[in-house]
Amino acid sequence: MATLSTNRVPGETLGHGPGAPPDPRSPVLSLRDVRISDQADGREIVHGVSFTLTPGKVVGIVGESGSGKTITCRAALGILPAHFEVTGGSIEIHGTDIAELSPARWTALHGLTISAVFQDPASYLNPSIPVGAQVAEVVRVKKRLGRGAARRRAVELLRAVHLREADLVYGQYPHELSGGMLQRVLIAAAIAADPRILIADEATTALDVTVQAEILDLLADLRERTGMALVVVSHDLAVVAQLCDEVLVMRQGEVVEHGPTGRVLHAPRHEYTQLLIAEHERYGLEKFLDPKLDPKEEA
Amino acid sequence: MTAELPQEEGSAGAAPGREPVLDVTGLDVHYGSRRRRRRALHGVSLTVAPGETLGIIGETGSGKSTLARAVLGLVRASAGSVVIDGEDVSAYDQRQWRGLRRRGVVQYVFQDPLRSLDPDLTIETSLAEPLLIRGVPFDEAAARVRAFVSRVRLSEDLLDRLPGELSGGQRQRVAVARALVAEPRLVILDEPVSALDSANRVQILRILEELRSDGVALVFISHDLGSVAGIADRVAVLYRGELVEVGTAADVINRPRHTYTRLLVSSAPTLRAAPADRAEREALRALLHA
């Protein structure tokens, strides 16, 4: 495990300006034995999650619905649903414990430092405003640009997420776009203020396989170009295997396996991870693929 | 229970060797009024042999569900023919379709089992009904229901529950059992495992695999090559309403010919992803959109 930074970054610099070169060593996000409980019945639903995200690193969380993966992400984003509470461990963003953050500081952090995309892009967009204007608004508020500059930047962002005819898409309404296009718009909005961390929670689950691959390729591309760190959450181990340096396998609120992707895939220790792998090997494409396609051999 | 050898005839008795259970020729389906006619399927031809599992892969809008609906007589084709177990059903009217369905030759399973199970009927009633309608005596129907419940690995305790009281995975196994009790020759499955978690997905796939040895033909429709590849004898790729490729799963995966199939194979998430695939996908997308 990487050692955690004990230096507290002063709050004023938490926003991490666009010009600041990310230190590849210092963690941008670290979770230490995070426990989350439902205060309504006192039940603990996440039983200790730990991982450290440094710039450019990708951590994957695999688990079925109800495994606690989404609630863990929501805790890191400071958007836990009502009556859910972090009841143990700590979450630090750039070395600052989020328990100490005021709502105003959270607002400053969202978008600028930590951002997220979820499974259902349509529900995060206003149906009566063209999508480009919604991206431009994020740019205006978070980057304090004027209307014209924000508009130009929004078109650039739409282009950066590989939307063909970005100028045209800018003026379109959510209902005019496909699921894959909407998810790209959401990613454009999420990266508009150059966050250091992007959490993608089942962001490709509802999409066709070819579109899913496009989005995953886009995330890989963004990470390489900008050094943005990613948390990729999926029920499919293979999706996580595409992209991640490190994998956490969660079941019923518990991390049953945690390690470098290669190790988890080639020498899974927990029987649940073994089940996930066996499913692919027996019923998936892996059954037919030439073993030489193995990334280990190819690298 | 008694797994028959593939070369033997199915327990329904009427299987004439290699005669296809499903034979679709030149199928065209259009939607919409005459002014704004939209072509959903064009020139689709395929056959499914007894005991064969055919996987049909297609993305949103490819026409895969339209194909299922056309084979089940739920939408009318504008051209082409559908022959099920030797009967040309292309010109069947509603009454003839009802007759065919009642005989249980062709059955179906959808993604959401709540759609195919009556929420107000107990599991036992839902399962026994197709048999009772066909005149199977009550005791025999009850015995067969129990046999099929154990085949899909469900506890008999669930028989007097309602669909709403079961988990998604249990419900889907009930839907599979319901499709099987009538001992069909052909089962159409439209995204049967897409909504399930790993453990339930594996269980359903295992059950479907076992059916093959009983001589039941399956048409397994999915957007995901990865969920079909492992159990399909042959895979057909549907793209924009046309079948662009048909072959054994191994051939389609290792030697895809159509650009879309190549992109599909390259896009399917596997545990052996190679970083080089990204550039390949980029090139294929450019080709496909050109």
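The values are calculated or read from the model by the stated rules, or taken from the named source; none is laboratory data. Only a predicted model underlies this, so the values are computations on that prediction, with no experimental measurement involved. Positions of Cβ are backbone-derived with ideal geometry, glycine not excepted, and every protein chain shown enters the neighbour counts.
May I ask you to verify whether A:I45 is touching a residue at least 24 places away in the same chain (Cβ under 8 Å), touching a helix residue (DSSP H, G or I) at 6+ places or on another chain (Cβ under 8 Å) and either within 14 Å of chain B (Cβ to nearest Cβ) or more than 9 Å from A:V255 (Cα to Cα) (or both)?
For A:I45, the condition - touching a residue at least 24 places away in the same chain (Cβ under 8 Å), touching a helix residue (DSSP H, G or I) at 6+ places or on another chain (Cβ under 8 Å) and either within 14 Å of chain B (Cβ to nearest Cβ) or more than 9 Å from A:V255 (Cα to Cα) (or both) - is met.
Return yes or no: is B:R178 out of contact with any Asp or Glu (no Cβ under 6 Å at 6 or more places or on another chain), of a type in the set (K, R) and either surrounded by fewer than 21 Cβ atoms within 10 Å (Cβ to Cβ) or closer than 29 Å to A:S67 by Cβ (or both)? Steps first, please.
Numbers: out of contact with any Asp or Glu (no Cβ under 6 Å at 6 or more places or on another chain): yes; of a type in the set (K, R): yes; either surrounded by fewer than 21 Cβ atoms within 10 Å (Cβ to Cβ) or closer than 29 Å to A:S67 by Cβ (or both): no.
Here the answer is no, as B:R178 does not meet what is asked.
Somewhere in region B:137-146, is a residue aromatic (F, W, Y), more than 30 Å from A:G284 (Cα to Cα), surrounded by 15 or more Cβ atoms within 10 Å (Cβ to Cβ) and modelled with pLDDT of 90 or more?
There is no residue in region B:137-146 that is aromatic (F, W, Y), more than 30 Å from A:G284 (Cα to Cα), surrounded by 15 or more Cβ atoms within 10 Å (Cβ to Cβ) and modelled with pLDDT of 90 or more.
If a residue has to be in contact with a Gly (Cβ under 7 Å, 6 or more places away or on another chain), surrounded by fewer than 19 Cβ atoms within 10 Å (Cβ to Cβ) and farther than 25 Å from A:G88 by Cβ to count, how many in region A:98-146 make the cut?
Total satisfying the criteria: 2.
Can you find a residue in region B:143-152 that is under 20 Å from B:E52 (Cα atoms) and in a helix (DSSP H, G or I)?
The answer is yes, given that some residue of region B:143-152 is under 20 Å from B:E52 (Cα atoms) and in a helix (DSSP H, G or I).
Check A:G179, A:G227, A:G171 and return the single one that is farther than 20 Å from B:S266 by Cβ and at the interface with chain B (Cβ under 10 Å from one of its Cβ atoms).
After applying the criteria, what remains is A:G179.
Please verify whether A:A200 is outside any loop (DSSP other than H, G, I, E, B), of a type in the set (G, A, S), on the phi < 0 side of the Ramachandran plot and in contact (Cβ under 8 Å) with a residue 24 or more places away in the chain, treating the condition exactly as stated.
yes
Against the condition more than 17 Å from the chain's Cα centre (by Cα), within 23 Å of A:V46 (Cα to Cα) and aliphatic (A, V, I, L, M), how does A:V231 come out, does it pass?
Judged against the criteria, A:V231 is not a match.
Can you say whether B:S222 is modelled with pLDDT of 90 or more, under 30 Å from A:I277 (Cβ atoms) and among the hydroxyl-bearing types (S, T, Y), as far as the supplied structure shows?
So B:S222 fits the description; yes.
What are the residues in region A:161-197 that are part of a loop (DSSP other than H, G, I, E, B) and more than 19 Å from the chain's Cα centre (by Cα), if any?
The answer is A:L163, A:R164, A:E165, A:G171, A:Q172, A:Y173, A:L177, A:S178.
Just checking, how many residues over region A:91-120 are free of Cβ contacts under 8 Å to residues at least 60 places away in the same chain, farther than 19 Å from A:V185 by Cα and of a type outside the set (V, I, T)?
The total comes to 8.
For region A:205-299, please list each of the helices (runs of 4 or more DSSP H) lying entirely inside it that holds at least 1 residues being touching a Phe, Trp or Tyr at 6+ places or on another chain (Cβ under 9 Å) and either buried (at least 20 other Cβ atoms within 10 Å of the Cβ) or at pLDDT below 95 (or both).
So the answer is A:209-226.
Return the only residue of A:R269, A:R223, A:R196, A:R184 being closer than 20 Å to A:G63 by Cβ and of a type in the set (D, E, K, R).
A:R269
Assess whether B:I207 counts as being β-branched (V, I, T) and farther than 26 Å from B:T66 by Cβ.
Yes, satisfied.
Could you please find all residues in region B:202-242 being closer than 24 Å to B:D85 by Cα and touching a His at 6+ places or on another chain (Cβ under 9 Å)?
If the condition is that a residue be closer than 24 Å to B:D85 by Cα and touching a His at 6+ places or on another chain (Cβ under 9 Å), then B:V237, B:E242 are the ones that fit.
B:R201 versus (1) more than 29 Å from B:L27 (Cβ to Cβ); (2) without any contact (Cβ under 8 Å) to a residue 12 or more places away in the chain: which is the lone unmet condition?
That leaves (2) as the condition not met.
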